[in-house]
Amino acid sequence: MKKALYLGLAIITAMILVSASFASLIRIEPEWLPVVIIVLAFPVCILSLFLWWNASNIEGDFPFTGY
Amino acid sequence: MIFELIPAIFAGLLFHGIHRKVIARIQGRPGPPVWQEILHTLKFSFKQTWIPKTASMPMFVFIVAASIAIWTGAFALVISGGSLLLLFAIFMLHKITEHGLGLSSGSPYGKFGAIRSVMSAASEIPLFATIAGIYVVTGSLIISDITEYQAIHGPLIISAFPLAAAMYIVILSKMHYGPFSIIEAKEIVSGNRTEHFGVWRAGLEVAYALKTFVLLLAFVLLFIGALPWWLVFVIMLILLISLSFICAFTPMLSPFDAVAMQTVITGIIAVYIVVIGVIR
């Protein structure tokens, strides 16, 4: 279920990134808007792509918390 | 922009690999292949991933996304020839993400790294001095104006060498295995990144690759000027190898010594700015 969500998110943000890049290329006004969209969408795209293809998502563990 | 961003990330990861290779060869080790950091990032992205029970979950995840976002913004800023003040603001945000990265995990090692990141805020001061000095010399804080100034008056690395040296120290303080890399020192495991593994670490590798690429590119544009892209890349590589030499030969300073040294450098640059300000 989660894998499908991450894949969907990665595809949607990738489409947004390509559209924003194209908008930036043809210099639509205001010029800062596609850049802001890329800055916001790129981390989501990268992390959701990695979360989609990683081994698995399991419950958290307790790390070493000191002596 | 995305079509420049992806190659920049791969170039940044390649630079990290070359950095490790040069350090290893100087220290008489064979070292990893230069593309190791690319494989490293891919490896982390395939690893099993979870959020530690002791972590602050929203911050633990958000801080990775924020790190990628701010260096994506910095990349856009530098390639579009934007304002140096915004680059300084991005540096400040980076300092906050470094701090948040360590605190969010709940691990004592991460917290030590976070505390050291606050202590080493002095590493950002030479950048402030550089920006002030560039304004005094060129009369502008816009990167495209500064490259135009250099096209007429020659590279700033010659006419304002102390400013270039200060910026060099800023880049050095952000390099892995450097004398100022107290945040991720091995006596505190991986410092503020200790608990960020798997996908989270892969995300951080992407952000830090962009950071290295942006800083080297900014140095070339600010102190050498606008050149053909392949020549910019070659100069970035030479700059990186010089940094690798310093990292290979210099032991990691203690936190107090690191802060003291960066403060002294800033003081020297401040005196230089006052002198050139008076002369002009």
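The values are calculated or read from the model by the stated rules, or taken from the named source; none is laboratory data. Everything quoted here is computed from the prediction, not taken from an experiment. Positions of Cβ are backbone-derived with ideal geometry, glycine not excepted, and every protein chain shown enters the neighbour counts. Protein only, heavy atoms only, side chains kept; ligands, DNA and RNA dropped before computing areas. Shrake-Rupley method; radii C 1.70, N 1.55, O 1.52, S 1.80 Å.
When residues in segment B:11-33 are screened for being within 15 Å of residue B:213 (Cα to Cα) and without any contact (Cβ under 8 Å) to a residue 60 or more places away in the chain, 2 of them pass. Once segment A:20-32 is narrowed to residues that are out of contact with any Pro (no Cβ under 6 Å at 6 or more places or on another chain) and open to solvent by less than 70 Å² (accessible area, probe 1.4 Å), the residue that is nearest to the other protein chains (Cβ to nearest Cβ) is A:21. Summed over segment B:6-58, residues that are open to solvent by 10 Å² or more (accessible area, probe 1.4 Å), more than 14 Å from chain A (Cβ to nearest Cβ) and aromatic (Phe, Trp, Tyr) total 1.
Does at least one position in segment B:119-136 carry a residue that is open to solvent by less than 20 Å² (accessible area, probe 1.4 Å), modelled with pLDDT of 80 or more and not in a helix (DSSP H, G or I)? No, the conditions are met nowhere in segment B:119-136.
Looking only at residues in segment B:79-122 that are within 12 Å of chain A (Cβ to nearest Cβ) and hydrophobic (A, V, I, L, M, F, W, C), which one is farthest from residue B:213 (Cα to Cα)? Restricting to residues being within 12 Å of chain A (Cβ to nearest Cβ) and hydrophobic (A, V, I, L, M, F, W, C), the top hit is B:112. Count of segment A:1-14 residues, restricted to those that are surrounded by fewer than 12 Cβ atoms within 10 Å (Cβ to Cβ) and not charged (D, E, K, R), is 2.
Got a number for residues in segment B:155-182 being open to solvent by less than 20 Å² (accessible area, probe 1.4 Å) and assigned to a loop (DSSP other than H, G, I, E, B)?
7
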